[in-house]
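Notes to accompany the following structure.
FYI, it's all coordinate maths here, none of it is from the lab. Since we're looking at a predicted model, the values are computed, not measured. Counting neighbours? That spans all protein chains shown, and the Cβs are built from the backbone with ideal geometry, glycine included.
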Amino acid sequence: MAAISITVNGRAFSADLDPETPLLYVLMDDLQLNGPKFGCGLSQCGACTVLVDDEPVRSCQTPMSDVAGRKILTIEGLGTMANLHPIQSAFIAEQALQCGHCISGPMLYGKAFIDQHPEATRDEIADALEGLLCRCHAHVRMIKALVRYQQGVKA
């Protein structure tokens with residue numbers, strides 16, 4: 001066990017944990033966050049995606065020792081029902097949400113990619129989502145939502 005501190009969605013969190021505990025388990029079990037989901041547990045689907053210091057990370061395979069002292073942003077930390085983040089508004093406008101199980105992956109990967117590459121083409125945005133699985137096959141609408149978000153970033 002080791003004392004590990006992180007900041008999640010702007011709030012400090014510290015606990016004595018096994019350093020190999022996956023970040024996803026701490027987010028779900030200790031912090032009661034429901035955005036990142038357990039999908040495959042093998043870092044292959046992307047449902048567990050969070051941003052660690054603004055970089056997308058698959059939290060199901062990320063040990064707490066790798067994120068100690070860092071800033072974590074989950075989908076819950078983007079905005080609120082009363083004040084949606086522009087990427088959340090874009091996903092709603094394009095009806096890019098169906099079951100919602102995978103949405104942390106496309107939304108957070110897409111946000112990180114577009115924030116770092118505001119001039120990316122539609123094809124580059126689509127390529128950035130490579131390796132993320134959506135059971136509902138809403139990829140086309142997700143890409144439209146990310147292009148909508150990108151237009152707002154560039155404005």
Practice problem: Find the relative contact order for the chain and round it to a whole percent, using C-alpha pairs within less than 8 Å whose residues are 6+ positions apart. | Solution: 23
Self-check item: More than 17 Å apart - percent of Cα-Cα pairs taken over segment 81-154
Solution: 34
Quiz item: Under 20 Å from the Cα of K71, which lysines turn up, not counting those fewer than eight places away in the same chain?
Solution: K37, K111
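Give me the net charge of A47's neighbourhood, meaning all other residues with Cβ under 14 Å from the Cβ of A47; Lys, Arg count +1, Asp, Glu -1.
Numbers: positive: K37, R58, R135; negative: none.
With Lys, Arg at +1 and Asp, Glu at -1, the neighbours total +3.
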Quiz item: Do any trypsin sites (Lys or Arg not before Pro) in segment 15-117 lie in a loop, going by DSSP, with at most 16 other beta-carbon atoms within 10 Å of their beta carbon, and if so which?
Solution: R70
Quiz item: Summing Lys, Arg as +1 and Asp, Glu as -1, what charge do residues with Cβ under 14 Å from the Cβ of A2 carry, A2 excluded?
Solution: -4
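Strictly greater than 24 Å: what percent of every Cα pair in the chain meets that? Let's see the in-between values first.
Values: 3604 of 11935 pairs.
Cα-Cα pairs in the chain separated by more than 24 Å: 30 percent.
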Quiz item: So what is the calculated 222 nm ellipticity per residue for the chain, using -39500 (n - 2.57) for each DSSP H run with n of 4 or more, over all residues, to the nearest 500 deg cm²/dmol?
Solution: -9000 deg cm²/dmol
Quiz item: Mind listing which GluC sites (Glu not before Pro) in segment 51-120 are in a DSSP loop and have 10 or fewer other Cβ atoms within 10 Å?
Solution: E119
Quiz item: Where the centre of each part is set by its Cα atoms, how far does segment 32-49 sit from segment 8-27, in angstrom?
Solution: 15
